[in-house]
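All remarks here apply to the structure that follows.
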Amino acid sequence: MKSDGDVHHEASALAGIVSSVNLAAEPGRMDFYERARGRNLAPLWRVLHGLVTEQPAPRAIPALWRYAEVRPYLMEACKLISTEEAERRVMVLENPGLPGESRITQSLFAGLQIILPGEIAPAHKHVASALRFIIEGHNAYTAVAGERTMMEPGDFVITPSMTWHDHGNESDAPMVWLDGLDMHIVNLLCASFREGYPGKVHPLDRPEGAAMAEAGQNLLPVDAKYSSQTSPIFNYPYRRTREALDQLARFRAADPHHAYKMKYINPVNGGWAMPTMSTWMQLIPKGFNTAAYRSTDSAVFTVVEGSGRSKIGAESFDWGPHDIFVVPSWVAHEHAASSDAVLFIYSDRVVQEKLDIWREEKGNQ
């Protein structure tokens with residue numbers, strides 16, 4: 001008698017097989033398959049439908065991390081390991097559908113980094129681009145390519161590919177931010193490089209605010225040349241973002257599926273602020289319910305302000321300030337705000353758009 005494990009294995013083996021294959025004849029082909037395997041060959045017809053699915057089949061699942069439940073682990077980690085020993089003291093947000101893979105979605109990384117007063121996360125650089133979304137704390141900084149920026153809650157900070165960066169906390173309280181990286185996209189393409197800096201911090205050669213002065217006022221230096229696809233602005237302050245959302249809401253009707261949703265852009269070309277991760281800020285007024293929506297990009301949401309509930313597929317999650325939740329590819333979702341809510345979002349949409357594979361579907365209003 002076959003065990004449940006045997007039955008499951010057989011079902012998995014047949015899951016990708018082309019429907020027109022005569023299964024009764026397959027036992028007689030096994031010798032051929034074995035001999036072909038010896039030459040590093042395999043029959044496509046046995047796996048085709050598992051490789052080219054009828055619609056997205058994400059292994060990631062909807063999930064939510066409540067900040068009040070996660071924060072104690074961050075504080076405990078501070079007692080157990082220093083930033084010097086850890087290099088980056090980060091607790092990875094692992095999707096329950098992808099255990100042990102350091103992924104919040106199949107393409108994206110997310111983790112919560114904490115730095116205590118007086119600590120420095122030492123300088124390094126890597127191909128993977130990173131974003132920092134500030135959760136808690138004041139008067140801590142990140143230094144990118146020779147320029148330092150102070151960080152406040154709600155700020156969106158960019159670390160472009162292969163730029164020296166270090167972080168430090170000059171306040172009297174912990175600083176916590178969400179790290180979002182494209183490392184899994186980089187690793188898929190086998191394009192990762194990393195280098196540590198000889199000292200703790202990289203020298204500063206630009207004054208604080210230089211990037212914003214050059215590119216953050218709807219003006220650019222007349223002779224400036226920008227070869228990178230990443231925005232030259234590397235800190236988008238929350239105070240400006242919040243003001244923009246409020247002003248938009250005063251004269252524009254809320255979109256049925258997104259309410260008020262604005263994307264962060266590169267002022268040089270008007271495109272996404274980062275070449276591998278799309279980023280937005282979304283305002284959902286109190287009492288507003290967004291209509292069902294789904295798209296092929298997988299998205300990570302961080303609650304900046306307010307509270308509400310999101311239905312993601314068959315599951316519903318209540319959320320409040322600093323909570324983080326994930327919407328996998330092609331899973332329908334809708335949000336309801338019980339108070340004015342602001343959500344920061346990042347996803348792999350920009351990559352999919354460049355590859356001409358991104359798709360969306362809007363439900364009935």
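Structure values in brief
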| quantity | calculated |
| --- | --- |
| Selection from 216, 257, 134 lying farthest towards where the dipole of the stretch 63-362 points positive, charges on Cβ | 257 |
| Pairwise label distance in nanometres, residue 127 with residue 208, each label 7 Å out on the Cα-Cβ vector | 3.4 nm |
| Charge tally in the Cβ shell below 13 Å around residue 105, where Lys, Arg are +1 and Asp, Glu are -1, residue 105 excluded | -2 |
| Additional length obtainable on full extension of the chain from residue 291 to residue 339, 0.36 nm per residue less Cα span | 15.5 nm |
| Amide N proximity, the stretch 50-65 versus residue 21 label position 7 Å along Cα-to-Cβ, cut-off under 12 Å | 50-51 |
| Inter-label distance, nm, simple model (7 Å from Cα along the C-beta direction), residue 82/residue 173 | 2.6 nm |
| From phi via Karplus (6.51, -1.76, 1.60), per-residue ³J(HN,Hα) for the stretch 245-251 in Hz, x at Gly/Pro | 5, 4, 5, 4, 5, 6, 10 |
| Cα long-axis angle, helix 67-80 against the chain (0 to 90 degrees, to the nearest 10) | 80 degrees |
| Linear extension gain, residue 35 paired with residue 362, 0.36 nm per residue minus alpha-carbon span | 112.8 nm |
| For the stretch 63-362, share of DSSP beta bridges that run antiparallel, in % to the nearest 5 | 100 percent |
| Residues residue 49 and residue 152, FRET efficiency given R0 of 56 Å [Cβ-Cβ distance, rounded to 0.05] | 0.65 |
| Potential extension, residue 220-residue 191 segment - 0.36 nm per residue separation minus Cα distance | 7.3 nm |
| Once exposed loop chymotrypsin sites (Phe, Trp or Tyr not before Pro) are cut out (DSSP; at most 16 other Cβ, 10 Å), longest piece of the chain | 1-192 |
| Distance-filtered residues of the stretch 283-319 - backbone nitrogen under 16 Å, label point 7 angstrom along residue 66 Cα→Cβ | 303, 307-310, 316-319 |
| Average projection area in nm² (convex hull over Cα atoms of the chain, one quarter of hull surface) | 24.1 nm² |
| Simple Cβ-charge dipole of the chain, Lys/Arg +1 and Asp/Glu -1, about Cα centre, in debye nearest 20 | 700 debye |
| Distance between the stretch 55-129 and the stretch 270-320 - C-alpha centres, whole angstrom | 20 Å |
| Charge dipole (the chain, unit charges on Cβ, about Cα centre) - positive-most of 145, 157, 55 | 55 |
| Order of 148, 35, 59 - criterion: other Cβ atoms within 10 Å of each residue's Cβ, fewest first | 35, 59, 148 |
| Listed residues 261, 225, 125, most fluctuating in the chain (Gaussian network, C-alpha, under 10 Å) | 225 |
| Angle between the chain longest axis and helix 4-14 axis [Cα atoms, degrees, rounded to 10] | 90 degrees |
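Read-outs: derived from the displayed coordinates by stated rules, not from any lab. Computed from a predicted model, the values in this text were never measured in an experiment. We place every Cβ from the backbone using ideal geometry, glycine too, and count neighbours over all the protein chains shown.
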